[in-house]
Amino acid sequence: MSKIDHSLFNADRHALEKEYEVCPECGSELVMKHSKNGPFLGCASYPTCHYIRPLTQHDNHDIKVLDDSPCPECGEPLVIRNGRYGMFIGCTGYPQCHYIAHDEHDDEDEQAVDCPKCHKGSLTKRKNKYGKFFYSCDRYPQCKYSLNQQPLAHLCPACGWGVMLQKQRAGKAVLQCPQKACQHKIESDSE
């Protein structure tokens, strides 16, 4: 016999533990209903009253208005908001203006590295759908060269490839050739 109390995972039981709620539109009882998107509270006199409410409330509110920074699209002040997916900075002119500030840091210490495969483009820092950074040629789809670590414009002494990867091995900076056939390593003096 299982020692897990399965009633803890039942949304119906937890909803029933709440006190009796009244529909704000018609005064009938709010009952638990189910849809393809999950459970929700709806009015018991459904065909005549269409009131529904989600079980979980998301605390969407403005935290602080940033008077010193205007929106680059419309000029209205920006605001720090707490939304469904966490905090973000958006325009106070919403819904007319849909500007949202994205956290993009311009790294001045990163230098442009020419693509060693096509010799026409340069390797740029990009983010994949999981939030990880990678470096790929800006001439994609003509050139599909990409790397997972930060490239440096340093010629490999073993094979002559145009870039090397900057890695950390045992606390020391190491340059490594990205070519699978070479994998030549050089211990770097700079950290």
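Any read-out appearing in this document is the output of simple, stated calculations on the displayed coordinates, not a laboratory observation. Since we're looking at a predicted model, the values are computed, not measured. Here the Cβ is made from the backbone with ideal geometry for all residues, glycine too, and neighbour counts use every protein chain on show.
General observations
- In region 130-191, the chymotrypsin sites (Phe, Trp or Tyr not before Pro) that fall in loop regions by DSSP, at most 14 other Cβ within 10 Å: 130
- Using the Karplus relation 6.51 cos²θ - 1.76 cosθ + 1.60 with θ = phi - 60°, the per-residue 3J(HN,Hα) values for region 36-41 come to 5, 8, x, x, 7, 9 Hz, with x marking Gly and Pro.
- Measuring between alpha carbons in the structure, the pairs from 64/125; 33/127; 36/132; 125/172; 127/185 lying more than 30 angstrom apart are 64/125; 33/127; 36/132.
- Net charge of the neighbourhood of residue 43, taken over other residues with C-beta under 13 Å away and scored Lys/Arg +1, Asp/Glu -1, is -1.
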